[in-house]
2 protein chains.
Amino acid sequence: MASPAPKGERQLVRRLGGLCPGTPELPFGDDLAALAGDLLWSCDMLMDGVDFDSRSHPWRLIGRKAMAVNLSDCAAMGARPAGALCAVALADALSAEAAYELMAGVAECGAEFGCPLRGGDTNSWPQPTVISVTIAAHAGPGLLRRDQARPGDTVWLSGPVGGSLLGRHLTFSPRVDLGLRIAAELPAGAAIDVSDGLAIDLARVCEASGVGASIDAVALEPLIHPDAHIRSRTTGRTPREHALGDGEDFELLVTLRPNAPTERCEALGLRCIGRITADRELRLVEADGASHPLPILGWEHFR
Amino acid sequence: MASPAPKGERQLVRRLGGLCPGTPELPFGDDLAALAGDLLWSCDMLMDGVDFDSRSHPWRLIGRKAMAVNLSDCAAMGARPAGALCAVALADALSAEAAYELMAGVAECGAEFGCPLRGGDTNSWPQPTVISVTIAAHAGPGLLRRDQARPGDTVWLSGPVGGSLLGRHLTFSPRVDLGLRIAAELPAGAAIDVSDGLAIDLARVCEASGVGASIDAVALEPLIHPDAHIRSRTTGRTPREHALGDGEDFELLVTLRPNAPTERCEALGLRCIGRITADRELRLVEADGASHPLPILGWEHFR
């Protein structure tokens with residue numbers, strides 16, 4: 001497969017994998033890592049000016065997002081959230097009230113999904129605010145992994161994507177219940193949450209699984225979010241490019257075995273957008289049958 | 001007890017306690033929080049320019065410190081480290097090699113203490129580097145807490161303190177094995193690691209336990225680290241003030257029941273520096289018997 005984004009982060013993360021002994025149950029590099037017994041865990045760090053903008057976003061929503069992105073990692077693995085910790089480096093200028101709002105947003109979002117905030121670490125410094133949430137979750141028997149896609153699987157998306165920058169990146173609802181149901185009720189292959197972009201996250205599934213994928217442009221069309229169309233008016237990019245390339249939609253991208261019951265999948269809100277192939281290529285197939293390489297527009301943190 | 005440091009962080013942390021449901025086994029606010037089963041967890045965030053200085057400190061040592069401060073939290077509770085996660089916001093200017101050095105320092109220090117690095121989150125941004133390590137640990141039957149000091153307990157310190165800024169804050173050895181042995185072998189009361197300063201961390205134990213303490217200046221004298229004397233030459237503060245007020249020594253401060261076997265305690269490296277009192281005052285008793293309030297010089301993050 002053509003390297004989807006041969007930049008610094010992928011290389012660094014691959015090197016870091018050598019520092020992190022995986023476990024027999026779960027190799028390094030999935031949405032959650034093995035902890036002990038049936039527990040998995042993960043952490044996500046959000047930085048002011050990168051993942052949120054404290055000049056325009058309310059602190060409670062910022063806190064909510066910091067928890068929700070972690071809950072989305074649980075969703076992607078079909079794991080049940082157990083609890084969370086939150087460490088913050090608060091900008092010196094931040095008021096105690098704003099700091100409390102931030103933490104209340106974290107705690108409330110966790111409580112909503114059965115994931116109590118258990119503690120953390122509070123610091124301040126003369127730089128923009130940084131928030132790091134760690135989450136632990138119980139693995140169910142049907143744990144979803146990103147390396148389990150197989151040729152012949154169908155590819156499904158849990159909702160429309162693109163243009164989340166218009167606001168949904170702060171208010172999205174992590175698909176925790178859906179992830180649990182997919183793991184328990186459907187013949188699932190691989191799963192991931194769309195955090196960096198549909199195309200790049202699909203590429204991650206394919207790379208981890210040693211497969212390729214073919215996305216059906218006609219099936220994708222109704223899953224292009226209205227916000228992608230709105231963004232398109234000012235960015236010079238097509239709505240489809242936004243749907244494929246924008247990050248932070250936090251919908252689930254799942255592959256299902258060929259025997260998956262279509263009606264049941266659709267009743268859960270899943271929509272089929274393509275299939276997994278053996279040839280390790282990522283392709284977009286147009287209505288007329290013409291196919292071309294899937295554009296990988298996802299954002300990478302570390303260049 | 002007189003409030004030891006009536007600044008913003010204490011008030012904020014107290015308010016945050018309302019957002020964090022403690023568990024019957026372990027109230028909010030100790031070095032580690034309850035996770036599930038016998039597992040505890042905690043996180044600590046380190047910021048460039050505050051907790052380390054990337055202009056003068058090697059990245060591998062910085063990474064080591066980020067892991068070691070978390071291991072010290074395990075030591076303070078007599079818990080056995082199980083694994084760790086590390087999230088970073090790397091300064092844009094940082095090379096991939098420096099980023100790898102940092103993570104290698106984290107991983108190597110964890111491996112040294114039986115605490116494998118399991119994963120994390122890698123980001124970059126145009127601000128100074130931030131590192132957040134989360135650790136999980138197994139509680140033993142003799143879990144050490146900070147709220148279990150009782151009048152009549154003696155107060156012990158695991159090593160000399162003061163002046164860690166001269167370098168030991170990067171190279172200290174977390175007292176993981178000692179914490180496990182204290183929990184298993186001694187009639188322990190409360191414990192904490194000296195992270196923010198001997199006086200303020202003792203105050204935390206006393207506040208959590210609803211007691212006071214009397215520190216013996218003569219017994220403290222040999223526990224004033226040589227670095228405290230060196231620092232004293234340039235700071236205008238006495239070596240004793242450095243020993244009481246400097247943070248980041250990461251020695252254990254433990255209270256033991258009156259029946260603790262002195263020789264055994266000393267063989268483990270513990271030294272008695274005072275006793276717990278019922279009156280909720282913190283006092284320093286001089287050689288001539290005169291006593292005065294213990295100066296609380298510990299540093300607080302959030303003002």
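Read the figures in this text as sums done on the coordinates, not as results from a lab. What you see is a predicted model, and the numbers here were worked out from it, not measured in a lab. Methodologically, a virtual Cβ is constructed for each residue, glycine included, from the backbone with ideal geometry; neighbour enumeration extends over all protein chains shown.
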Item checked: Computed E for residue A:263/residue A:234 - FRET, C-beta separation, R0 30 angstrom, nearest 0.05 -> 0.15
Notebook entry, point to check: In peptide B:87-97, what is the residue-averaged number of other protein chain Cβ atoms found within 10 Å of each Cβ?
Noted result: 4
Next item on the list: Rank by packing, highest mean first: peptides A:44-56, B:186-198, with packing defined as the count of other Cβ atoms within 10 Å averaged across residues.
Entry: B:186-198, A:44-56
Checklist line | Rounded FRET efficiency, nearest 0.05, which uses the C-beta distance separating residue A:171 from residue B:218 and R0 of 51 Å | finding: 0.25
Margin query: Given axes a ≥ b ≥ c from the Cα gyration tensor, I'd like to know whether region B:127-177 is rounded (a/c under 1.5), prolate (a/b larger than b/c) or oblate.
Written below: oblate
Notebook entry, point to check: Cα centroids of region B:36-87 and region A:40-110: how far apart, whole angstrom?
Noted result: 20 Å
Next item on the list: Out of all DSSP beta bridges with both ends in region B:46-195, state the antiparallel percent to the nearest 5.
Entry: 55 percent
Margin query: Taking the Cα of residue A:25, stepping 7 Å toward and past its beta carbon, and measuring to each backbone N in region A:183-215: which are under 18 Å?
Written below: A:183-184, A:191
Next item on the list: Before anything else, pin down the relative contact order of chain A: Cα pairs under 8 Å, at least 6 apart, normalised by residue count, whole percent.
Entry: 23 percent
Checklist line | Shortest-first distances to equivalent copies, position residue A:25, nm, label 7 Å out along Cβ | finding: 1.8
Margin query: When a/c reaches 1.5 or more, the comparison of a/b and b/c decides; with that in mind, is region B:1-133 rounded, prolate or oblate per its Cα gyration tensor?
Written below: oblate
Checklist line | Helix-only CD estimate at 222 nm, as mean residue ellipticity for chain A, using -39500 (n - 2.57) per DSSP H run (n ≥ 4) | finding: -9500 deg cm²/dmol
Item checked: Shape call, region A:92-243: gyration tensor on alpha carbons, a/c limit 1.5 -> oblate
Note to self: Please list, in order, the residues from region B:230-263 whose amide nitrogen is less than 15 Å from a point placed 7 Å along the Cα→Cβ vector of residue B:185.
What the structure shows: B:260-263
Check: Shielding of B:48-60 by partners, i.e. mean partner chain Cβ atoms within 10 Å per residue?
Finding: 1
